[in-house]
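Here the structure comes first, spelled out in C-alpha cells, and everything after it is commentary.
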Amino acid sequence: MYLIILSKVPIPETLAVLAGAVVGVWTMYIHVAEPAMPWPLMGADYHSVHHIYNWYNFGLFTQLWDYLFNTLRHPDETTRHFAHVTKKKRKKLAELHKMYSNTNKED
C-alpha cells in the first residue's frame, strides 16, 4: 500500500525515506518507557499510559489531539511502576494485562 501511495503522490524519495526513519526512531523511543519529553511532545512516559489503560494517549508525536478530544491522561505512580517492572523483567502482554487489569476499573 505504501509503495502504491508513493507511486501516485509526487514526494521526493529522500523525503519519504527520511520521514520513515524519523517515525521508526520515534516509535522505538516511545516504547522504552523513559525518559520524559517536554510538553507538548508525546514522550515515552505518556505513551506508557496508553499501554496500561488502552483508552488514553493515542498521539504519536504530540499530546495536542489527546488534549482536544479529552483522551489525555498524565503519567502517575502506576505508570512509573509499570515502566520499572517491565524494564526489570520483561513480561508477556497477557501478564501485564493481568497485573494492571484492576486499574482500568477506576474510569
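The values are calculated or read from the model by the stated rules, or taken from the named source; none is laboratory data. Computed from a predicted model, the values in this text were never measured in an experiment. Neighbour counts run over all protein chains shown; Cβ positions are idealised from the backbone, glycine included. The accessibility values were calculated without ligands, DNA or RNA, using every heavy atom of the protein model including side chains. Shrake-Rupley method; radii C 1.70, N 1.55, O 1.52, S 1.80 Å.
Answer yes if at least one residue in segment 32-40 is surrounded by 15 or more Cβ atoms within 10 Å (Cβ to Cβ) and either touching a residue at least 12 places away in the same chain (Cβ under 8 Å) or of a type in the set (A, V, I, L, M, F, W, C) (or both), and no otherwise. Yes; the residues of segment 32-40 include at least one that is surrounded by 15 or more Cβ atoms within 10 Å (Cβ to Cβ) and either touching a residue at least 12 places away in the same chain (Cβ under 8 Å) or of a type in the set (A, V, I, L, M, F, W, C) (or both). Among the criteria (1) farther than 18 Å from THR86 by Cβ; (2) open to solvent by 50 Å² or more (accessible area, probe 1.4 Å); (3) in contact with a helix residue (DSSP H, G or I) (Cβ under 8 Å, 6 or more places away or on another chain); (4) of a type outside the set (D, E, K, R), the one GLY59 does not fulfil is (2). Go through segment 67-83 and give me each residue that's in contact (Cβ under 8 Å) with a residue 40 or more places away in the chain and among the aromatic types (Phe, Trp, Tyr). The answer is PHE82, and nothing else. For segment 61-87, enumerate the residues that are assigned to a helix (DSSP H, G or I) and either of a type in the set (Ser, Thr, Tyr) or in contact with a strand residue (DSSP E or B) (Cβ under 9 Å, 6 or more places away or on another chain) (or both). If the condition is that a residue be assigned to a helix (DSSP H, G or I) and either of a type in the set (Ser, Thr, Tyr) or in contact with a strand residue (DSSP E or B) (Cβ under 9 Å, 6 or more places away or on another chain) (or both), then TYR67, THR78, THR79, THR86 are the ones that fit. Does segment 89-97 include one or more residues that are aliphatic (A, V, I, L, M), at pLDDT 85 or above and in a helix (DSSP H, G or I)? Checked against the condition, which is being aliphatic (A, V, I, L, M), at pLDDT 85 or above and in a helix (DSSP H, G or I), segment 89-97 yields no hits at all. Residue count for segment 38-93, restricted to those that are within 12 Å of the chain's Cα centre (by Cα) and at positive phi: 2. Being assigned to a loop (DSSP other than H, G, I, E, B) and aliphatic (A, V, I, L, M) holds for only one residue in VAL17, VAL22, VAL32, and it is VAL32.
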